[in-house]
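Comments concern the structure below.
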Amino acid sequence: MTSVAATFLILCPMAAAALLLLVPASNGRLIRAVALLGAALTLPVSIWMCATYDRSLGGYQFGFKAPWIPELGVSFHVAADGISVVLVLLTSIIITAGVFASWGLQNRTKEFLALLLFLVSGVFGVFLARDLFFLFLFYEIAVLPMYLLIGVWGTSSQGRTKEYSAMKLTLMLMAGSALILVAILAIYFQGGQTFDMDDLARNGVPAQAQNLIFLAIYVGFGILAGIWPLHTWSPDGHASAPTAVSMLHAGVLMKLGAYGVLRLGLEIVPNGFAEWSYVMAIIATINILYGALCAMGQTDLKYIVAYSSVSHMGVVMLGIASGNSTGINGSVMQMVSHGLMTGLFFAVVGLVYERSHTRDVLKMGGFAKAMPGVAVCLTVGGFASFGLPATSGFIAEFLCFYGMWLAHPWLALLSVFGIVLTAFYVLRALQRIFLGESRVENYPDLRDARSTEWVAITSLAALLIVLGCWPKPVVDTIGSALPKQVSSRSVAASASGMSAHALASLSSPDEPAERIRVLRQPVGAADGRSGRTGLRADAQNERVLVK
Amino acid sequence: MIYQFAQANLVWLIPGLPLLGFLFHAFLGKRMGKSVVGGIATAVVFASFAISVYVLMGLMSHPEELRRAQVSLLPGSDLTPWIEIGAFKVNYGALIDPLSMLMCLIITGVGGLIHLYAVGYMAQDKDFSRFFTYLNLFIFFMLTLVLGDNLLLMFVGWEGVGLCSYLLISFWFEDTENSKAGNKAFIVNRIGDVGFALGVMAVFATFGTLTYHTPQGSGFLDLAAKGIAPAIATAIGLLLFVGACGKSAQFPLHVWLPDAMAGPTPVSALIHAATMVTAGVVMITRVSPIIVQSPIAMTVIAVVGLFTAVFAATIALTQNDIKKVLAYSTVSQLGFMFLGCGVGAFSAGMFHVTTHAFFKALLFLGAGSVIHALSGEQDMRKMGGLAKRIPITYWTMVIGWLAICGVPPFAGFWSKDEILGLASGAPSWGVVYYVVGLATAVMTAFYMTRLMYKTFWTKQRFVEAGHDAHGHGDHADTEPDAGHGHGHGVHESPPKMWIPLAVLAVLSAIGGLIGTPWANKFEHFLEPSIAKHEAHHLFAPNIGLLIGVFAAAAGILLGRALYSKKMETGELLTAEEKAKNPLYQGSANLWYIDGWAYRTFVIWGGGFATAVWQWIDKILIDGMVNAVAAVIGFTSELFRRVQTGYIRAYAMSMLVGVVLVVAGLLLGSLGKH
């Protein structure tokens, strides 16, 4: 079971997609059943992976490796560490909820669901691949169906046609893919002609080559993560896409970008990562504030959510850019939290749109009367999105900001203002939809969620709260992939005359630099136990890292 | 320090019971009758009160230096971590010490009374169970705020009470104004939260822990007490104080509190007077070991507090909405509390928190009773002559009035005077603090006397509701509970409402006697929780008391002298005089701050956001993206022409190519020779 699990996750939705092609298009019930099976079967498996993942051991588990093209150093190699299992679980949750959310779809259901499942196979593949060749392959599988899903099943709005959105999204992401391909080939040739990530991580890529390689990785994957100013595919794409696709795309796909930067950056080209981390941090800060500002200017519900995704992905990238365990843990937590909340947002938006046939918040009002349950769920999601304590958003954002505080305090200082702006647009949107003078009578079809919709939105909302109150399982799992943090800070503090040191941590410009220098040391040299060190910045380094 | 005591295993019930109440109402409330919901909601809070008393007795049975315990907030377990990432560890733990227990008593005691009152006040509301769902949730978060054994748990409570405040301000959400006031409250608080969050990070970055105290003395307050650099103390102190300014409505973040009065009156009493708004004072007092090490932070706190006190008092002078007067008075009194903290008189500040909770809750509930009697009317210009009509409300309000004015022996006298007395001895600005503070006290006495005249003593100015049931349509919308279902005409409130008034009146009358300068039991009680700091009087306390009495008398007598001549109208100035008087206009228009902030941040800020989106996102970035696409499209269009599909064209181009290649080779070989 252990060695099969990862492969099963990748193949299960793909097999369901293939099976769907054999089902006659007229048999709607069977189509939905097969699709649900393909999606929902991944759920117990990924839960099982999370539950049995040995956190005390850490590192990569559930490994499976089979030679593919030995001459080129390609092998089908999958494995999961703490970060992967968490993100895999998120993917299972979102795709299951997504299938539920597209239950009522009538137009070419078969093809739609087949493409959706095919896409999810790719997502699982990226999170689990330990071979760059397959990582890239899966990445393309995850990204390409989006063109059809938006172009065929999407909706046009605000003078932007769905074809425009689909084309823009595809072209921008393809440009990113080109950069990723270049980076992967460079890694291949610089890193000893192998695609295997374990080997690459162990052998390392020559330091002088890492700068450019990481830049290509950052920009290439970053486009999918919505880094400023290459984010503009995302609002149009999300707004045009049908509900399930938006859920999957904002909920999971954007994380692929961040995951790529995190995984390849820290594991294979850490020196390049360290070199560019300051730039990444600045761009992430821009993302947070700029995305929130743009969201403030929107009245189309989907655009609000889409720009909030740009802002929240900024938080993810901020955590990654901090380069320390706290920040990275927070960033993965934020991926999970944001995945759940955006899934919830788009599900609710779809639901409201289906009943009111409008997405313009200015035309809404007092909906809480007609749909109190939906109002509660969206409010929970909204409050999670600006990081209210007792929701997962708080843990995630706090850790990201704190990680950044350790690296570059002034950027933390700036980016924290994102929570004010976020509160602003979230509260205003909630107020315009649900509160105020009732316009319910204009919308005769308005009613609360029903059976499957209930399951989808309440479970997502409940997860946000549960993870906020009890983040331990997730945080520990993520943490097992990261080097243990040993803080000498408390020791320093207890030696009462600690002023100089503590002051440095508040304001000194050279300490972050010191941290990066540590990261830049040749990795893998100190520690041969490759199975144990998820992100290659080994425990010894980390100890200096937080000094 | 004690870490085991018999009552500790009950501590989790203090916040736990209101949480259970919340869950009960949230899931079952709608199916239950109002008496069940109201009964359970009130009972859990009083039960928490009883347990708090019991735990406090356990704590007090220990000698003074041992009155501090760290216990688990989860039943039947040792300290359990909430977040643990490497060294970053935060527990579900409670710190039991005099400060946290004092707040527990206030929250559950005054809170329980207000719950009882609300059962009567909200009796006719269709969303009765939703109201108590929020109210119990509020009590839970407020208790978490004061009980948590670390700054992050305080932050949880801090945000949680903000959430409840938001939900309760916009409780009658059909009125857009209410939900806008809720948004304003939350967003302004959010600015403060940025400061708080950064302060928390600064504390962790400095000390490596967020826990206040531990048995080993490794909590950050333990470490700070050994001495830290002033620069760090200043940074942490000021960041946290920004947070305190938000929650406790200090200038310039005070703008949300008066608008928050859009919520039902019991909410104004509980959240926006007695408990939540004092959270900032509690927080500053909690971290007093850090604050006292930064003279800069202390001065900033004192000056901001003093300025807010006098500034809000000037606004309270001219407000016509009875709740707005009380709201600005709350802002002003909170300023006094911070003045106390800023001069190192933390226990005096907390003393004022306590007495203020009594008399301000009383005044708000009394005002609620007045509003209730008048079927939703809040405008004092349409009141008057109520003294005889609602005698119980009237007499309890009189006690509240005497307490806030600072008339001995009522509660406010002792606490306000202690703050002013200790402020006078502050090293640098003592005299200024004292004089301005005293002037504010006079103003306080004056505007409260004005309130009493306008509401109770002047001639009746309202039309009997019996003939005009729909005349107060506007207010019936905002306070539907009070507007519907009652018999018409002015009426005294039911016992559920006046019993809390009576209890609070007793507390407002004698509650201050625990902190007289001759036998200050209160200060002694709080000593274990508060950093030692030298604060002293400029002159003998007895002289200070005497001056305090004169100040109160001056304000009251001035009010009497002016208003007793205008018993018919209750107005000192005519409409034209008001229009011409810039001072009056400034005060009545809140010194133009709200309007300015609205224009700057909401209108211009919104415009800025839209402009950023329009110009940068759509025109600049998208323009470039589209331009790239267009260039590619254009070039491919060019190259498309080459692929005509005619063999002869391809043959021709091949020929040209061959000729070029051959020519190139020839030229190349020529060049070599």
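Tabulated data for the structure shown
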{"item": "Residue that is over 12 Å from the mean Cα position of the chain (by Cα) and farther than 17 Å from B:Asp149 by Cα, where the choices are B:Val277, B:Val188, B:Val292, B:Val200", "result": "B:Val292"}
{"item": "Within segment B:54-108, tally of residues that are more than 14 Å from chain A (Cβ to nearest Cβ), in a strand (DSSP E or B) and either more than 30 Å from A:Leu482 (Cβ to Cβ) or of a type in the set (A, V, I, L, M, F, W, C) (or both)", "result": "5"}
{"item": "Whichever residue in segment A:98-149 is at pLDDT below 90 and aromatic (Phe, Trp, Tyr) and, among such residues, is surrounded by the fewest Cβ atoms within 10 Å (Cβ to Cβ)", "result": "A:Trp103"}
{"item": "Of the criteria (1) within 25 Å of B:His533 (Cα to Cα); (2) of a type in the set (Gly, Ala, Ser); (3) at pLDDT 90 or above, which one B:Gly430 fails", "result": "(3)"}
{"item": "Which numbered condition B:His213 fails, given (1) in a helix (DSSP H, G or I); (2) buried (at least 20 other Cβ atoms within 10 Å of the Cβ)", "result": "(1)"}
{"item": "Complete set of residues in segment A:82-137 that are of a type in the set (D, E, K, R) and in a helix (DSSP H, G or I)", "result": "A:Lys110, A:Glu111"}
{"item": "Test: residue in segment A:443-458 that is over 22 Å from A:Gln298 (Cβ atoms) and within 14 Å of chain B (Cβ to nearest Cβ)", "result": "yes"}
{"item": "Candidates B:Leu590, B:Leu545, B:Leu558, filtered to the one that is touching a residue at least 40 places away in the same chain (Cβ under 8 Å) and either touching a Phe, Trp or Tyr at 6+ places or on another chain (Cβ under 7 Å) or of a type in the set (Phe, Trp, Tyr) (or both)", "result": "B:Leu558"}
{"item": "Checking B:Phe171 against (1) touching a residue at least 12 places away in the same chain (Cβ under 8 Å); (2) surrounded by fewer than 24 Cβ atoms within 10 Å (Cβ to Cβ); (3) facing chain A (nearest Cβ under 8 Å), the condition it does not meet", "result": "(3)"}
{"item": "Answer from B:Trp613, B:Trp604 - the residue that is within 14 Å of chain A (Cβ to nearest Cβ) and within 22 Å of A:Ser234 (Cα to Cα)", "result": "B:Trp613"}
{"item": "Every residue from segment B:226-242 that is facing another protein chain (nearest Cβ under 8 Å) and not in a loop (DSSP other than H, G, I, E, B)", "result": "B:Ala231, B:Ile232, B:Ala235"}
{"item": "Boolean, A:Gly365 is in contact (Cβ under 8 Å) with a residue 24 or more places away in the chain, within 12 Å of chain B (Cβ to nearest Cβ), buried (at least 23 other Cβ atoms within 10 Å of the Cβ) and in contact with a helix residue (DSSP H, G or I) (Cβ under 9 Å, 6 or more places away or on another chain)", "result": "no"}
{"item": "Breaking point among (1) within 14 Å of chain A (Cβ to nearest Cβ); (2) within 20 Å of B:Gly195 (Cβ to Cβ); (3) buried (at least 23 other Cβ atoms within 10 Å of the Cβ), for B:Leu223", "result": "(2)"}
{"item": "Out of B:Met397, B:Met383, sole residue that is buried (at least 23 other Cβ atoms within 10 Å of the Cβ), modelled with pLDDT under 90, among the hydrophobic types (A, V, I, L, M, F, W, C) and assigned by TED's automatic domain parsing to the domain that holds B:Ala313", "result": "B:Met383"}
{"item": "Filter result (surrounded by 17 or more Cβ atoms within 10 Å (Cβ to Cβ) and at pLDDT 85 or above) within segment A:44-62", "result": "A:Val45, A:Ser46, A:Met49, A:Cys50, A:Tyr53, A:Tyr60, A:Gln61, A:Phe62"}
{"item": "Scope segment B:491-508; condition crowded, with 20+ Cβ neighbours inside 10 Å and over 18 Å from B:Leu105 (Cα atoms); matching residues", "result": "B:Ser493, B:Met497, B:Trp498"}
{"item": "Residue among A:Gly291, A:Gly319 that is of a type outside the set (A, V, I, L, M, F, W, C), within 25 Å of B:Gly86 (Cβ to Cβ) and crowded, with 24+ Cβ neighbours inside 10 Å", "result": "A:Gly319"}
{"item": "Within segment A:339-371, tally of residues that are of a type in the set (A, V, I, L, M), more than 19 Å from A:Ser459 (Cβ to Cβ) and touching a Lys or Arg at 6+ places or on another chain (Cβ under 8 Å)", "result": "4"}
{"item": "Residue match in segment B:243-260 (condition: basic (Lys, Arg) and more than 10 Å from chain A (Cβ to nearest Cβ))", "result": "yes"}
{"item": "Which numbered condition A:Phe136 fails, given (1) closer than 21 Å to A:Asn27 by Cα; (2) touching a residue at least 24 places away in the same chain (Cβ under 8 Å)", "result": "(1)"}
{"item": "Subset tally (residues that are polar (S, T, N, Q) and within 8 Å of chain A (Cβ to nearest Cβ)) for segment B:200-220", "result": "3"}
{"item": "Residues located in segment A:371-423, provided they are facing chain B (nearest Cβ under 10 Å) and of a type in the set (Phe, Trp, Tyr)", "result": "A:Phe383, A:Phe386, A:Phe394, A:Phe398, A:Phe401, A:Tyr402, A:Trp405, A:Phe417"}
{"item": "All positions within segment B:368-396 that are free of Cβ contacts under 8 Å to residues at least 60 places away in the same chain and under 25 Å from the mean Cα position of the chain (by Cα)", "result": "B:Asp379"}
{"item": "Lone unmet requirement of (1) farther than 17 Å from B:Leu590 by Cα; (2) in contact with a Cys (Cβ under 7 Å, 6 or more places away or on another chain) for B:Val303", "result": "(2)"}
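The values are calculated or read from the model by the stated rules, or taken from the named source; none is laboratory data. Since the structure is predicted, the reported quantities are computational estimates derived from the model, not experimental observations. Glycine also receives a Cβ, built like all others from the backbone with ideal geometry; neighbour counts cover every protein chain displayed.
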